[in-house]
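In what follows, a single structure is set out as structure tokens and then discussed.
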Amino acid sequence: MLTILHTESSTGWGGQENRTLQECIGLKKLGARAIILCQPESVLGKKALAEGAEVRTCAMRKSYDLSAIRYILKLIRTENIDVISTHSGRDSLLAGIAGRLSGKKPRIVRTRHLALPITSRITYSLLPHKVVTVSKHVRQYLIKEGVSPEKVLAVPTGIDLTRFDPEKTVDGLRQELKLGQDIPIVGTIAILRYRKGHHILLDSVPLVAEKIPQAVFVFAGNGPQKENIINKIQSMGISDRIFMLGLRSDIPEILKSIDLFVLPTLQEALGTSFLEAMAMGKPVIGTNVDGVGEVIENGRNGYLVEPNNPSALAETIIKALQDKEEAKAMGIEGRKMVRQNYTVEKMYKSMYALYSSLMEGERA
């Protein structure tokens, strides 16, 4: 049995941690054994245990934590680890060093989930045997930074279509917010960080209201920009148009209820939130940055607009809300594309194939 140790030093929860968990669940379905090593207080650990996954915890206090390296070395030996799959900077260094020191010589795979500049080249060029990126854009960036092209492959994040299924999802948000079926709802689901562009969307709201005065906007998510966003909403006098939903677990239900998904992000490795909206048959609007153009084909399954341009964003929102037939066609096209290219099954099968090929190469 192929045994993979996934390491994650992040304590929070986001697309990166969700992908790791979904991969582990999928690997188990394929007959592999997946173990997650995380910080004692991590959200990933709690969610993984709830899903029946194997979890080990170890404090990873710094990038050169000798006690953590010793723990990982012991884990490699006692659990007979074949592959170490690392995900954040700190655990990639710790687990990478442990893997290279171990007499068992496990294969090491480093996944790059972000489109931000890298800070530690050693965790891409020296320690891992292979590097996985969530988009072609991030792959090209790493190659430009000196990582060998043969070493890097893109495996996009996949969507669970059994969860994001518009035919089996109830529209409950309109009733919750007391909004009629004739009220256009523009939805944004993302952590409240500056680079997600909520402030740009807020600047477009008055322009949209001039043409479509009944339109409302919902923000689902929490994060460090929450207070700034609330203050901006109040200062602009648009509190009656914006609903702050907070952190929600019913994302498919929210997507079912909205008419249009918008995220004017300033940085995005791929854009899983766009894929989730497409899976629910919704038209999407994103910005032409990083890997977003890999999932949004402008004019076919959504719209790409210039980043940091509230006027262009407002014009596109108005166009999407007014042309309902085109919006419906885009939603259909988007779900078709997700089904073909971005399913969670395709993702974990690709990762399993990679891990297996590394072990076959080692045996050879």
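If you take just the strands (runs of 3 or more DSSP E) that sit entirely in region 105-179, which of them hold at least 2 residues that are farther than 20 Å from Thr343 by Cα?
By residue number, 107-112, 130-133.
Does region 135-151 contain any residue that is open to solvent by less than 40 Å² (accessible area, probe 1.4 Å), of a type in the set (Phe, Trp, Tyr), modelled with pLDDT of 95 or more and over 16 Å from Tyr355 (Cα atoms)?
no
Of these, Glu315, Glu325, which one is among the charged types (D, E, K, R) and farther than 27 Å from Tyr194 by Cβ?
Being among the charged types (D, E, K, R) and farther than 27 Å from Tyr194 by Cβ holds for just one of Glu315, Glu325, which is Glu325.
With respect to Ala34, determine if the residue is hydrophobic (A, V, I, L, M, F, W, C), over 22 Å from Pro128 (Cα atoms), open to solvent by less than 40 Å² (accessible area, probe 1.4 Å) and at pLDDT 95 or above.
Criteria not met by Ala34.
Of everything in region 76-96, what is assigned to a helix (DSSP H, G or I) and surrounded by fewer than 21 Cβ atoms within 10 Å (Cβ to Cβ)? Give them in sequence order.
Arg77, Thr78, Gly89
Select from region 153-177 the residues that are of a type outside the set (D, E, K, R) and open to solvent by 90 Å² or more (accessible area, probe 1.4 Å) and write down the one among them that is nearest to the chain's Cα centre (by Cα). Spell out the reasoning first.
Taking region 153-177 as the starting set, the residues that turn out to be of a type outside the set (D, E, K, R) are 153-159, 161-162, 164, 166, 169-170, 172-173, 175, 177.
Checking which are open to solvent by 90 Å² or more (accessible area, probe 1.4 Å) leaves us with 162, 170, 175.
Details: Thr162: 18, Val170: 24, Gln175: 29 Å.
If we take residues in region 153-177 being of a type outside the set (D, E, K, R) and open to solvent by 90 Å² or more (accessible area, probe 1.4 Å), then Thr162 is nearest to the chain's Cα centre (by Cα).
Is one or more of the residues making up region 131-138 closer than 28 Å to Ser67 by Cα and not polar (S, T, N, Q)?
Filtering region 131-138 down to residues closer than 28 Å to Ser67 by Cα leaves 131-132.
Next cut, not polar (S, T, N, Q) only: 131-132.
So far as region 131-138 goes, yes, one or more of its residues are closer than 28 Å to Ser67 by Cα and not polar (S, T, N, Q).
Can you report the number of residues in region 233-252 which are within 29 Å of Pro166 (Cβ to Cβ), of a type outside the set (Lys, Arg) and buried (at least 16 other Cβ atoms within 10 Å of the Cβ)?
Number of matching residues: 7.
Just to be sure I understand, how many residues within region 41-73 are out of contact with any Phe, Trp or Tyr (no Cβ under 9 Å at 6 or more places or on another chain), of a type in the set (Ser, Thr, Tyr) and in a loop (DSSP other than H, G, I, E, B)?
2
Can you pull out the residues in region 306-364 that are under 30 Å from Leu2 (Cα atoms), open to solvent by 30 Å² or more (accessible area, probe 1.4 Å) and of a type in the set (A, V, I, L, M, F, W, C)?
Of everything in region 306-364, those that are under 30 Å from Leu2 (Cα atoms), open to solvent by 30 Å² or more (accessible area, probe 1.4 Å) and of a type in the set (A, V, I, L, M, F, W, C) turn out to be Ala353, Ala364.
Taking Ile189 as the residue in question, decide whether it is more than 24 Å from Glu268 (Cβ to Cβ) and touching a residue at least 24 places away in the same chain (Cβ under 8 Å).
No.
Name the pairs whose Cβ atoms lie under 8 Å apart, with the first residue in region 25-36 and among the charged types (D, E, K, R), the second part of a helix (DSSP H, G or I) and crowded, with 16+ Cβ neighbours inside 10 Å, and 6 or more positions between them or separate chains?
Lys29/Tyr348; Arg33/Leu27
What are the residue pairs meeting all of these: first residue in region 259-278, first residue under 19 Å from Pro184 (Cα atoms) and open to solvent by 10 Å² or more (accessible area, probe 1.4 Å), second residue assigned to a helix (DSSP H, G or I) and small (Gly, Ala, Ser), Cβ atoms under 9 Å, and 6 or more apart or on different chains?
As it stands, the answer is Asp259/Ala320; Asp259/Ala327, since those pairs meet every condition given.
Would you call Leu192 in contact with a helix residue (DSSP H, G or I) (Cβ under 8 Å, 6 or more places away or on another chain), open to solvent by less than 10 Å² (accessible area, probe 1.4 Å), under 21 Å from Arg248 (Cβ atoms) and in a helix (DSSP H, G or I)?
No: the conditions fail for Leu192.
The values are calculated or read from the model by the stated rules, or taken from the named source; none is laboratory data. A quick note: this is a predicted structure, and the numbers were derived from the prediction, not measured. Every residue, glycine among them, receives a Cβ derived from its backbone with ideal geometry; neighbour counts consider all protein chains shown. Areas reflect the complete protein model, heavy atoms only, side chains present, ligands, DNA and RNA absent. Shrake-Rupley method; radii C 1.70, N 1.55, O 1.52, S 1.80 Å.
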